[in-house]
1. Somewhere in region A:217-225, is a residue within 26 Å of A:L15 (Cβ to Cβ) and out of contact with any Leu (no Cβ under 7 Å at 6 or more places or on another chain)?
2. Assess whether B:K65 counts as being outside the structural domain of B:V36 (by TED's automatic domain parsing) and at pLDDT 95 or above.
3. For A:G267, indicate whether it is more than 18 Å from A:L29 (Cα to Cα), surrounded by 14 or more Cβ atoms within 10 Å (Cβ to Cβ) and touching a residue at least 12 places away in the same chain (Cβ under 8 Å).
4. Being surrounded by fewer than 24 Cβ atoms within 10 Å (Cβ to Cβ) and either over 14 Å from A:N58 (Cβ atoms) or of a type in the set (S, T, N, Q) (or both) is the requirement here; does A:L252 meet it?
5. For the structure I just gave you, tell me whether B:V92 is of a type in the set (A, V, I, L, M) and modelled with pLDDT under 95.
6. With farther than 29 Å from B:F139 by Cβ, basic (K, R) and touching a strand residue (DSSP E or B) at 6+ places or on another chain (Cβ under 9 Å) as the only criterion, which of A:K68, A:K62, A:K105 stands out?
7. Does region A:210-233 contain any residue that is among the small types (G, A, S), modelled with pLDDT under 95 and within 13 Å of A:A89 (Cβ to Cβ)?
8. Step by step: first the residues of region A:47-73, then only those that are buried (at least 18 other Cβ atoms within 10 Å of the Cβ) and aliphatic (A, V, I, L, M), then the one that is nearest to A:D149 (Cα to Cα). Which residue is that?
Number of protein chains: 2
Amino acid sequence: MSVYLSSSEDYEALLDQYDTWLFDCDGVLWRGDQVVDGVVQVLHILRKRGKKMIFVTNNATKSRKDYKKKFDQVGLEVHVDEIYGSAYAAAVYISSVIKLPKEKKVYVIGQAGLEEELRDEGVSFLGGTDPADNTLESFKLENFTLDPDVAAVVCGLDTRINYTKLSKAFQYLTRNPGCLFIATNEDSTYPTSHGTLPGAGAVWAPLRFALDRDPIVTGKPMKTMLDCVKAKVNFDPHKTIMVGDRLNTDILFGQNGGLATLLVLTGVTTKEDITGPSASTIVPKFVTSSLGDLRSVEKAP
Amino acid sequence: MSVYLSSSEDYEALLDQYDTWLFDCDGVLWRGDQVVDGVVQVLHILRKRGKKMIFVTNNATKSRKDYKKKFDQVGLEVHVDEIYGSAYAAAVYISSVIKLPKEKKVYVIGQAGLEEELRDEGVSFLGGTDPADNTLESFKLENFTLDPDVAAVVCGLDTRINYTKLSKAFQYLTRNPGCLFIATNEDSTYPTSHGTLPGAGAVWAPLRFALDRDPIVTGKPMKTMLDCVKAKVNFDPHKTIMVGDRLNTDILFGQNGGLATLLVLTGVTTKEDITGPSASTIVPKFVTSSLGDLRSVEKAP
């Protein structure tokens, strides 16, 4: 059973208990371009009280540097090295976990942010934002030359997804022996300030279906993402809490890492999703309606 | 256990036994633009012997009229009313099975052939080949106006698939109450003369994943397709055989309809797929390496 938090005493106790705070971003800090009410103050309070803060996002369209601009834009002060994205996790996985040889390449379904993280990790790539692959012209297999050095296909959210990219990725995955299938994250949808749109998991769903094969996923809820954080930041799991709006990514991610979890209802998950007979089996430790609620600890005179 | 056919006596017995012959096209009659060796002669023989022939295709990119051109092009003489496509089945399903009211519309992910069949059945539609929806420009939800009359999304193979189409379809399916999710077919891949490419099932896989919902499928192996044939053609199931290259569409389709089945190995299924410990549980009645083999009944002097 989750503990529902609502009073300033509840929030005060939570602040006392946890030293390191991991946050999901979309649906927790903001929705689309709008910061969630009260979140600016809450981050100020946490920083003032000396809490370690880590922002963990499955957004793979932006590099950490780009993502920093999003924080700036909505008025949240964070440092680049506090941000961990699934594109970064994918790049680190390729460069440091599987240690792809330098002469090998990856084929990218994804946007500039994913390319930037790969470049920073020294991974050669093709596809991605290459104009030749961003086309609705019909794909002619007879004009396609398979690059034998492509040893992995890596997929993130790509709003310029098209049949040429899918077909090329499919060729590499079926014709280059041992070619790896890697995905930044498997979010089925993502929230914007105007509504919900198909997510990264939907973008590579065609490959999963055509191949009948699951990718290696580097984002939440997978351990790869927490390994990335652990490599850079010291934290005591018993004094660490993961705050998120999704049960099957954020809350599961916290649980997989042995962390406490706080679900907020400003994003994808509704109160109905966690109560009643059809409630999820993923149960957060704490629930509050919004991260902004925590500002009440400093509201009293 | 399947019966493997290889001698002219085998084929002669098969011709004696079946009066109505249903054929899959891609991978059976042709691969890409190349007719399978011997098939021209085999169809001549069947016609000469007074066999009823029906061509059942999951190809939803072409209308029956368009598809006729494909037969002409590879040198096969058939009549338009011998052709049954999954786009036609989807249009008939919408107009005659669910009887969509005339003021309602469908949103199309698909190509001109699907639009033509819908138009012929008097179904109003939007999306499809509309230039506004065939773009890689970023999709802005704030600029999108939901049409409340869209009561179904229908998906076929669409090689101009893009994020705008997926996002619009997703909006209709999540925001228009009761909006139906219909797919022409769920082929994961399709064969061309230069190799294999992602199929219709891969094109709508993003929606299935984002929605966590399966579509109603009108193509093979579903009964809807055979209902379409039955409405137009009289045949005795005991004297009817379905010839195809895919176990999970063609052969299952034949079995679902109580027909005999003949698997050919000129398409997707290999000998390895039907033998050994990991063989499919879908077992065709007969197997032969190619439909062209049947010409041997007239080779002997």
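The values are calculated or read from the model by the stated rules, or taken from the named source; none is laboratory data. Quick caveat: nothing in here was measured; it's all calculated off a predicted structure. So basically every Cβ, Gly included, is an ideal-geometry build from the backbone, and we count neighbours across all protein chains shown.
1. Filtering region A:217-225 down to residues within 26 Å of A:L15 (Cβ to Cβ) leaves A:220-221, A:225.
Restricting the remaining residues to those that are out of contact with any Leu (no Cβ under 7 Å at 6 or more places or on another chain) gives A:220, A:225.
Yes, region A:217-225 has at least one match.
2. Details: outside the structural domain of B:V36 (by TED's automatic domain parsing): yes; at pLDDT 95 or above: no.
For B:K65, the condition - outside the structural domain of B:V36 (by TED's automatic domain parsing) and at pLDDT 95 or above - is not met.
3. Numbers: more than 18 Å from A:L29 (Cα to Cα): no; surrounded by 14 or more Cβ atoms within 10 Å (Cβ to Cβ): yes; touching a residue at least 12 places away in the same chain (Cβ under 8 Å): yes.
It is false that A:G267 is more than 18 Å from A:L29 (Cα to Cα), surrounded by 14 or more Cβ atoms within 10 Å (Cβ to Cβ) and touching a residue at least 12 places away in the same chain (Cβ under 8 Å).
4. On the way: surrounded by fewer than 24 Cβ atoms within 10 Å (Cβ to Cβ): yes; either over 14 Å from A:N58 (Cβ atoms) or of a type in the set (S, T, N, Q) (or both): no.
So A:L252 fails the test.
5. Values: of a type in the set (A, V, I, L, M): yes; modelled with pLDDT under 95: yes.
In short, yes.
6. Working: A:K68 fails: farther than 29 Å from B:F139 by Cβ; A:K62 fails: farther than 29 Å from B:F139 by Cβ.
After ruling out the rest, the residue left standing is A:K105.
7. Looking only at region A:210-233, we keep the residues that are among the small types (G, A, S), and these are A:210, A:219, A:231.
Still in the list and also modelled with pLDDT under 95: A:219, A:231.
Checking the rest, the ones that are also within 13 Å of A:A89 (Cβ to Cβ) come to A:219, A:231.
So far as region A:210-233 goes, yes, one or more of its residues are among the small types (G, A, S), modelled with pLDDT under 95 and within 13 Å of A:A89 (Cβ to Cβ).
8. For region A:47-73, the residue satisfying everything is A:A60.
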